[in-house]
Each structure stands twice: as C-alpha cells, then as structure tokens.
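Chemist: This is the structure I have questions about; it appears just below.
The values are calculated or read from the model by the stated rules, or taken from the named source; none is laboratory data. What you see is a predicted model, and the numbers here were worked out from it, not measured in a lab. Quick reminder, even Gly has a Cβ in these numbers, built from the backbone with ideal geometry, and neighbours come from all protein chains shown. What goes into the accessible areas is simple: the full protein's heavy atoms, side chains included, and nothing from ligands, DNA or RNA. Shrake-Rupley method; radii C 1.70, N 1.55, O 1.52, S 1.80 Å.
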Amino acid sequence: MPSTPQPISQPISRPTDRPASGSAPAPRLSDEDIRTDLSTRQARLKWVIVVDEALPAGRQANAAACMAASVGRALPELVGRDGEDASGAAHPGLPWAGCSVLAADAATLHGVRGRAAALGGEVLVVDMPEQAQTSRVYDEYLDRLAGTGADDLTYCAVSLVGPRKKVDKLVRTLSLLG
C-alpha cells in the first residue's frame, strides 16, 4: 500500500548523496500543498530567494539561478507539468509556486538564514556562501567552505521554501530585488 504524503510541516530527506551537516531535510509536499489551479498568493507554500543587494547584477542573477537549481533538486514537486503551445511545440514545466526574489544587506541575509534554519524541517533552506562565487572548481569551494566557521560565512543568497505564514514572517520586511 503506498504511503500518503504528509503535510508540508513534516520533514523528509533531501535527494542528495548525504545531507549537509546540520542541514534540515526538505519539507514533504502533500497533494493539498501542490495546487497548480490556485494563484501563487493562495497557495499554502511560499518560495523566496533573498540575495545580497550589494552584489553586482550579474552575481545576483547567478546566485538566484543557483538557488533555483538546488531547490529544484530538493523539491522536484515544485516543477509543474510540461505544456504545449498552440503550434504543438513543447515547453518544459516551470515552478507552479512562483518565486519572489528579494533583496537584503549581508547582515540581514545572514540573520534570515539563521532564523529559517532554526525552524528545522519546516522550511527548506538553501544557501550560497560567498566561497561558491569565488571558486572556479567545485571541490575547491567545498574545501574552502569546510575551512570556514558558520559565523564567518557571508551569503550571496538564501532560498526558503515552506508554509506561507512561516516564510512571510521571516521575510516580511524585505523588498523585491531591483
């Protein structure tokens, strides 16, 4: 008998080789959470990406794109079904939940990430430390990350996915990027 998905507040494991130390599992999405027939403002789920407002535009775009890729890996249910236009050309599915891209200064970004991580598995937290944008080799990034204490990390961006009320509370004072 197949198991019934639990509501969004129930954590599950990320689809990775192994979870990062101290990271919480991604929230489980139930059929009630995945509603492609609702406005993004009516959805129970909220997805935001918060980027460092001091970064140049190209680095902001890079950070947001990397956040989206990691979130898509952790929560593949966020990507809607493929579509087809009137000519019959196929278009890959896009995130049905929408995603607001917000701006914050470095200290606020660090604080948002810390408060979100403290919620455990209720909110998926994906981050991009500065070492990721200054390393050209992924293994070098991992080595540099491993040599930096959590309090000493500077984030280019943080992405949060979880229950609307919890995510809203974390980012309510932030404005849209741009």
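Chemist: Would a scan of segment 7-22 turn up a residue that is in a strand (DSSP E or B), modelled with pLDDT under 95 and open to solvent by less than 20 Å² (accessible area, probe 1.4 Å)?
Modeler: Of all residues in segment 7-22, those in a strand (DSSP E or B) come to 11.
Now restrict to residues that are modelled with pLDDT under 95: 11.
If we keep only those that are open to solvent by less than 20 Å² (accessible area, probe 1.4 Å) too, we end up with none.
So far as segment 7-22 goes, no, none of its residues is in a strand (DSSP E or B), modelled with pLDDT under 95 and open to solvent by less than 20 Å² (accessible area, probe 1.4 Å).
Chemist: Moving on to the next point. If I filter segment 106-119 down to residues being touching a strand residue (DSSP E or B) at 6+ places or on another chain (Cβ under 7 Å) and surrounded by fewer than 18 Cβ atoms within 10 Å (Cβ to Cβ), which single residue comes out as farthest from Ala157 (Cα to Cα)? Step through it out loud before you land on a result.
Modeler: The first filter runs over segment 106-119 and keeps only residues touching a strand residue (DSSP E or B) at 6+ places or on another chain (Cβ under 7 Å), leaving 106, 109-110, 112-113, 116-117.
Among the residues that remain, those that are also surrounded by fewer than 18 Cβ atoms within 10 Å (Cβ to Cβ) are: 106, 117.
Values: Ala106: 9, Ala117: 14 Å.
Only one residue fits best here, namely Ala117.
Chemist: Which residue, of Arg41, Arg35, is over 17 Å from the mean Cα position of the chain (by Cα) and within 12 Å of Cys99 (Cα to Cα)?
Modeler: Working: Arg35 fails: within 12 Å of Cys99 (Cα to Cα).
Of the residues listed, the single one that is over 17 Å from the mean Cα position of the chain (by Cα) and within 12 Å of Cys99 (Cα to Cα) is Arg41.
Chemist: Go through segment 127-178 and give me each residue that's out of contact with any Leu (no Cβ under 6 Å at 6 or more places or on another chain) and of a type in the set (Ser, Thr, Tyr).
Modeler: Thr134, Ser135, Tyr138, Tyr141, Thr148, Thr154, Ser159, Thr173, Ser175, listed by residue number.
Chemist: Could you list, in sequence order, all residues of segment 133-155 that are outside any helix (DSSP H, G or I), open to solvent by less than 60 Å² (accessible area, probe 1.4 Å) and not aromatic (Phe, Trp, Tyr)?
Modeler: In the first step, residues of segment 133-155 are kept if they are outside any helix (DSSP H, G or I); the result is 135-137, 147-149, 153-155.
From the residues that got through so far, the ones that are open to solvent by less than 60 Å² (accessible area, probe 1.4 Å) too are 135, 148-149, 153, 155.
Listed by number, the residues that qualify are Ser135, Thr148, Gly149, Leu153.
Chemist: Restricting attention to segment 36-45, does a residue exist that is open to solvent by less than 50 Å² (accessible area, probe 1.4 Å), at pLDDT below 95, in contact with an Asp or Glu (Cβ under 6 Å, 6 or more places away or on another chain) and under 20 Å from Thr173 (Cα atoms)? Outline the logic, then answer.
Modeler: Residues of segment 36-45 open to solvent by less than 50 Å² (accessible area, probe 1.4 Å): 43, 45.
Those left that are additionally at pLDDT below 95: 43, 45.
Applying the additional criterion that residues be in contact with an Asp or Glu (Cβ under 6 Å, 6 or more places away or on another chain) yields 45.
Subsequent filtering for residues that are under 20 Å from Thr173 (Cα atoms) retains 45.
Taking every residue of segment 36-45 in turn, at least one turns out to be open to solvent by less than 50 Å² (accessible area, probe 1.4 Å), at pLDDT below 95, in contact with an Asp or Glu (Cβ under 6 Å, 6 or more places away or on another chain) and under 20 Å from Thr173 (Cα atoms).
Chemist: Quick one: which of Val158, Val167 is in a helix (DSSP H, G or I), surrounded by 11 or more Cβ atoms within 10 Å (Cβ to Cβ) and at pLDDT 95 or above? Let's see the steps before the verdict.
Modeler: Working: Val158 fails: in a helix (DSSP H, G or I).
Checking each option against the conditions leaves just Val167.
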